[in-house]
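**Q** Let me give you the structure first, and then I'll get to my questions.
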Amino acid sequence: MNVGIVGGGQLARMLALAGYPLGLRFQMLDPAADACAGQIAPLIQGDYDDEARLRQLAEWAEVVTFDFENVPAAAARALERQTVTFNPPAGALAAAQDRLYEKALFWELGIPTPPFATVDSLEELRAAVGRIHLPAVLKTRRLGYDGKGQRVLRASEDIEPAWRALGGVPLLLEGFVPFQREVSVLAARGRDGATVFYPLVENHHRDGILRLSRAPLAAPELESEGWDHARRLLERLNYVGLLAIEFFVRDDRLIANEMAPRVHNSGHWTIEGATTSQFENHLRAILGLPLGSTTALGHSVMLNCIGAMPERAAVLAVPGAHYHAYGKAPLPGRKVGHLTLRAEHPDALQTGLDRLLPLVGLEASEFD
Ligand code: AMP
């Protein structure tokens, strides 16, 4: 079967790597000639709203999916008009592309969020700060990722500079959540509505970028709360594929931050750390195949490699460590790969982690 992917980054690349053993073929559409998935599958170079290129992809593929959530709405609609199956559904993409719609949907489903207000002028920002109070986070409603397009407001002097930095596009002001930890829920829903949930993942960010994920997090009550939230979202969106939801944990309750209608960085550990990876389950879901077990195989931790890859031999010298280079040129701030460490026992995991952390520029004391 032929699978088309809109976007040719590392997520498309890992989807293809998971799909080849299933006998699938892939083509990706990406504006960049050097998109890293192009190293392992044919790449159609073209803009995401290039109707001719989209048609070319749709004519070749039986199923089309995407590897990032900012696929233009017009492209999603154009693909849905073709004879291919396009999943996850365009409605889920639309909800995830705008932080206001996303939060409104969470509220409608009874999923708690930080307090929020739309902001389209400096006056509205001042009024919103009056209602939400400081500290707060000002975010662009669209096209934000990895902490880009957001500013934390701690004092009233921060209001004008934040407006100058971000104003001019629709914004959202959110209450700052003094969270105890951040977690994510990954779930996959098949074409027949069958749904599977992965164990709860704990995430650590630095400068808005995910640096470390650990799973499973032994917190059964939080996990079942997260799975309930995910189930309601999947059903409401008539979702097919893998969905990730990121939450803050405050006072032992979940507060939703955002969702991603695609495979997610906080699920990379599942390649070695779960019976079926998130990538394989996404493909199984969109192809109408039976979903695979999400059971964790012991304990896993995933470390992102930001800017450059660590030395291969140093990583592989750590028992249980796996090396994933995405084939991307090194660039400050760029996700170029990840490492996964898997162990049967948490103690062994910690010993290996202490050796890997310095290799990716992190201090052991940050992640006790
Ligand atoms: P986002 O791009 O919305 O996922 O934000 C990136 C990271 O910034 C989150 O994972 C948090 O670590 C932090 N952050 C975002 N929004 C808030 C908030 N309302 N309160 C506290 N921290 C936040």
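Every number in this text was worked out from the coordinates using simple rules, so none of it is lab data. Note that this is a predicted model, so its numbers are computed, not measured. Cβ placement follows ideal geometry from the backbone for every residue including glycine, while neighbour counts extend to all protein chains displayed.
**Q** Rounded if a/c is under 1.5, else prolate if a/b beats b/c, else oblate: with a ≥ b ≥ c from the C-alpha gyration tensor eigenvalues square-rooted, which is the chain?
**A** Details: a/c = 1.42, a/b = 1.10, b/c = 1.29.
It comes out rounded by the Cα gyration axes.
**Q** Could you work out how far apart the two model spin labels at Leu109 and Arg206 are, taking each label as a point 7 Å from the Cα in the direction of the beta carbon, and quote it in nm?
**A** Output for this residue pair reads 3.3 nm.
**Q** Does region 2-86 classify as rounded, prolate or oblate by the C-alpha gyration tensor (a ≥ b ≥ c root eigenvalues; a/c under 1.5 gives rounded; else a/b over b/c gives prolate, otherwise oblate)? Walk me through the numbers before you get to the answer.
**A** Numbers: a/c = 1.74, a/b = 1.26, b/c = 1.38.
In terms of gyration-tensor shape, oblate.
**Q** Arg181 to Asp49: FRET efficiency via 1/(1 + (r/R0)^6), r the Cβ-Cβ distance, R0 56 Å, to the nearest 0.05?
**A** Numbers: r = 39 Å, r/R0 = 0.70.
Rounded to the nearest 0.05, the efficiency is 0.90.
**Q** Right, here's the next one. By count of other Cβ within 10 Å, fewest leading, how are Thr118, Thr340 ordered? Don't skip to the answer; put the middle values down first.
**A** Working: Thr118 14, Thr340 21.
Ordered from fewest to most neighbouring Cβ atoms within 10 Å, Thr118, Thr340 come out as Thr118, Thr340.
**Q** Rounded to the nearest 0.05, what FRET efficiency is calculated for Tyr101 and Ala313 with R0 set to 45 Å and r the Cβ-Cβ distance?
**A** The formula returns an efficiency of 0.45 here.
**Q** What shape does region 115-175 take by its C-alpha gyration tensor, where a ≥ b ≥ c are the square roots of the eigenvalues and a/c under 1.5 counts as rounded, a/b above b/c as prolate, and the rest as oblate? Provide the component values of the computation, followed by the final result.
**A** On the way: a/c = 1.40, a/b = 1.34, b/c = 1.04.
Rounded is the answer for region 115-175, as its axis ratio a/c remains below 1.5.
**Q** Using alpha-carbon pairs under 8 Å, 6+ residues apart, how would you state the relative contact order of the chain in percent?
**A** Working: 810 pairs, mean separation 48.5, N = 368.
Averaging sequence separation for qualifying contacts and normalising by length gives 13 percent for the chain.
**Q** Got a sec to turn the phi values of region 96-108 into Karplus ³J(HN,Hα) couplings, 6.51 cos²θ - 1.76 cosθ + 1.60 with θ = phi - 60°, whole Hz, x for Gly and Pro?
**A** Values per residue, Gly and Pro as x: 7, 7, 10, 4, 6, 4, 4, 5, 4, 5, 4, 5, 4 Hz.
**Q** If amide hydrogens are placed 1.01 Å from N in the peptide plane, which non-local residues have theirs closer than 5 Å to the one on Asn257?
**A** Here Glu246, Phe247, Phe248 satisfy the definition.
**Q** Let me ask another. Just how many pairs of Lys in the chain have C-alpha atoms closer than 20 Å, counting pairs that are eight or more places apart or on different chains?
**A** Values: Lys103/Lys139; Lys103/Lys148; Lys139/Lys148; Lys148/Lys335.
Final tally of qualifying lysine pairs is 4.
**Q** Further question: Highest mean first, what order results for 200-207, 263-270 on Cβ atoms within 10 Å? Don't jump to the answer; show the numbers that get you there.
**A** Values: 200-207: 18.6, 263-270: 27.6.
Output ranking for 200-207, 263-270: 263-270, 200-207.
**Q** Going by how many other Cβ atoms sit within 10 Å of their own, how do Leu359, Leu22, Leu242 line up, fewest first? The partial results should precede the final answer.
**A** Working: Leu359 17, Leu22 13, Leu242 32.
Sorted ascending by nearby Cβ count, the order is Leu22, Leu359, Leu242.
**Q** Order by neighbour count: Glu102, Glu344, fewest other Cβ atoms within 10 Å first, most last. Write out the running numbers ahead of the final one.
**A** Working: Glu102 20, Glu344 11.
Ordered by Cβ neighbours within 10 Å, fewest first: Glu344, Glu102.
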